[in-house]
Amino acid sequence: MTSETRQERAPAKPAGGARPRRRARYTALVAALAVAVVAATWLAVSIGAVPVALPQTWGIVADRLVPGLVPHTWTPVQEQIVWEFRLPRALLALLVGAGLAVVGAVLQALVRNPLADPFLLGISSGASFGAVLVLILGAGTLGGLSLSGAAFAGSLLALGLVYVLAQRSGKITPSRLVLAGVALAYLFQALYSFVLQQAQSGRAAQQVLFWLMGSLGGARWEMLPLPTAVLAAGLVYLLLQHRQLNALTAGEETAVSLGVNVHRLRITLFVLTSLLVGVLVATSGAIAFVGLIVPHAARLLVGADHRRVLPVTALLGAAFLQLVDLAARTINAPQELALSIVTALFGVPFFLWLLRRRSVDRAVTVG
Amino acid sequence: MRLDVRGVSVHLDGRPIVHEADLLVDDGEFVCLVGPNGCGKSTLMRTIYRALRPASGLITVDGDDVHGLSWRESARRTAVVAQETPAELDFTVGEVVLMGRTPYERAAAEDEERCARALDRVGLAGAQERIYATLSGGEKQRALVARALVQETRLLLLDEPTSHLDVRHQLEILHLVRELGAELGLATLAVLHDLNQAAAFCDRLYVMSAGRVLAGGPPDQVLTPELISQVYTVRAVRRTQLVFERLKEEDG
């Protein structure tokens, strides 16, 4: 032992200044994002074919929550449009945006690859296939849960397949991952297209096809509880596991050496992401790129620690999809665009930029 | 703390990689494991820290079967510094070091304190907010040593911790872990590539070849020309040559 290492150094202080500042910045960021979510939702509820002034939107919502709180300055038609159509749609947009973004963040940790996204990996297509089977083949009479259930089964199947196909002797390579995802997406799209073609009613098939590209047009109040519950439970679980997620991101063997039960964590994350994708796709169809873009943006803002990444991802995703949906129904009004058309405008350039980055090309050891 | 490996065999994809290995590391000892590429030394290490399961045999740490402990408990007994961890995401150094607390309940304030002390100890005081991916190779390895320190284990495993480093930084890391081991009374087992380095740093060493532990003991007794030529199929010639030593200066 050298004398130099024996010397008592002054206790390390430098963390003192940086940490609280960083914490304050994070708190400010979360607050700003929460404001952005509310503002985007407020706008989305007010804008449309029948315009409603911003204060009136508040009034309608407040009046519903606490009757008689504010004087009525709006027409019954405005009230009906805001309360029965736009508000549930806007809330669903928040849920789906937050949910898909969180799923993207979890998948990226799970396969340790920045290209992971429920749509790109064919998971959304698997869920869509399950949903289409129920919609067209008539099991729809069983109600919302069976639609979600079928979508969940489809996404679980797709995720399992992509995981197996992307591996070669224990390693997931990015190219295999993306190719396996693309192949599966085509397979499931072919399958549900076949089912749609065989369908009796061409109009119903047309509607389903539009919905498959992502649409919140069918939003109703009764569609909200299930995704809300699944997303809330999922987020709580993921936040409790944020240290395990961080360790997994650092590598499977690192995670093992840090005391993480990797096998069990991975299975739980598999089921959780499939469940989220299934429940969300059942309400809104498959929306591309949200799960790819948003987690990266969140990491740019707050770094890689999942304790910060997950809440920021959820808020960003919610605000993002709210604005995307608003754009989708106003750009070409009265026609609505499918949401994936709008997200692709942002998503494709972003995806190409990610592909050009060197870090994407690294093979990753698993299992 | 004692690591006791007895009759451990490991198979990968059905092929036997390690065959009935025996190995012992005691408190305060720095033990090296050497052998040619593909001899099974890394596989044996990974089995000790539970990335792999043995096909047969028993690995005990402090008398308990490692593979029978809960994942958290075994991580409270054994810390690992492997080859440079590829950093896909932009974790800060502080976040990387704090990962060492994963097997423990959260205690935010004390953990920050532990993290600061460990970074100070490895010569990276105040580096918490730096991005891990931007560190030099030597600094990355020191950060990983700090992570192992906050894990507060009695056994430290080093799996080729110096393989990507130049000779100065190799010596720096080896000095650091040996000093820490002596200071804290850790049992340390290291896989090293360089025979001269292994001989210079360890109290004892084991030589593996073709999945078997052929010999173990103090380096001057084990590393005979006969054994080396048998294991590496090279001729060992003892002659005066350049020896690298670290300059005594403040953390250069």
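We did not get these values from a lab; they are worked out from the coordinates using the rules stated. Quick caveat, the model's predicted, so the values are computed rather than measured. Heads up, the Cβs are rebuilt from the backbone with ideal geometry, glycines too, and the neighbour counts pull from every protein chain shown.
Worth pointing out:
- Contour excess over end-to-end distance, with Cα ends at A:Arg25 and A:Phe346 and 0.36 nm allotted per residue: 112.9 nm
- Within the shell defined by Cβ-Cβ distances under 10 Å, the residues around A:Glu79 carry a net charge of -1, with Lys and Arg each +1 and Asp and Glu each -1.
- Taking A:Ser175, A:Ser257, A:Ser155 in turn, the Gaussian network model of chain A (Cα-Cα springs below 10 Å) assigns the largest fluctuation to A:Ser257.
- Summarising the strand pairing of the protein assembly as shown, around 60 percent of its internal DSSP beta bridges are antiparallel.
- Within 10 Å of each Cβ in A:244-253, the average number of Cβ atoms from other chains: 5
- DSSP H segments from chain A that extend 30 Å or more along their own axis, Cα-based, with Kyte-Doolittle mean of -0.5 or above: A:15-46, A:87-110, A:144-165, A:174-198, A:262-284, A:306-330
- Average partner coverage of B:117-129, which counts Cβ from other chains inside 10 Å: 4
- Remark: mean inter-chain Cβ contacts per residue of B:179-186 equal 1, using a 10 Å Cβ-Cβ cutoff to other protein chain atoms.
- Spin-label model, A:Ser175 to A:Gln335: label points 7 Å out along the Cα-to-beta-carbon direction sit 4.0 nm apart.
- Summary of packing: across the peptides A:120-128, A:333-341, the per-residue average of other C-beta atoms within 10 Å ranks them, highest first, as A:120-128, A:333-341.
- Short-range pairs are left out: with C-alpha atoms under 8 Å and at least six residues apart, the relative contact order of chain A is 28 percent.
- Adding -39500 (n - 2.57) for every DSSP H run of four residues or longer, then dividing by how many residues chain A holds, sets the calculated 222 nm ellipticity at -23500 deg cm²/dmol.
- Chain B: Cys lacking any partner C-beta under 4.7 angstrom: B:Cys39, B:Cys115
- Cα-derived Rg to Rh of the protein assembly as shown, Kirkwood definition: 1.06
- Each of A:Leu224 and A:Ala204 was given a label point 7 Å from its Cα along the Cα-to-Cβ line. The distance between the two points is 2.9 nm.
- Percentage relative contact order, chain B, counting C-alpha pairs under 8 Å, at least six apart: 27 percent
- Placing R0 at 60 angstrom, the Cβ-Cβ distance between B:Asp4 and A:Leu354 gives a FRET efficiency of 0.80 after rounding to 0.05.
- The local environment of B:Phe201, defined by Cβ-Cβ distances under 13 Å, has a net charge of -3 under the rule Lys, Arg +1 and Asp, Glu -1.
- Kyte-Doolittle mean at least 0.0 and Cα axial length at least 30 Å: DSSP H helices in chain B: none
- By average C-beta atoms within 10 angstrom, highest first, the peptides B:142-151, A:96-105: A:96-105, B:142-151
- In terms of packing, defined here as the mean over residues of other Cβ atoms within 10 angstrom, the peptides A:284-294, A:185-195 line up highest first as A:284-294, A:185-195.
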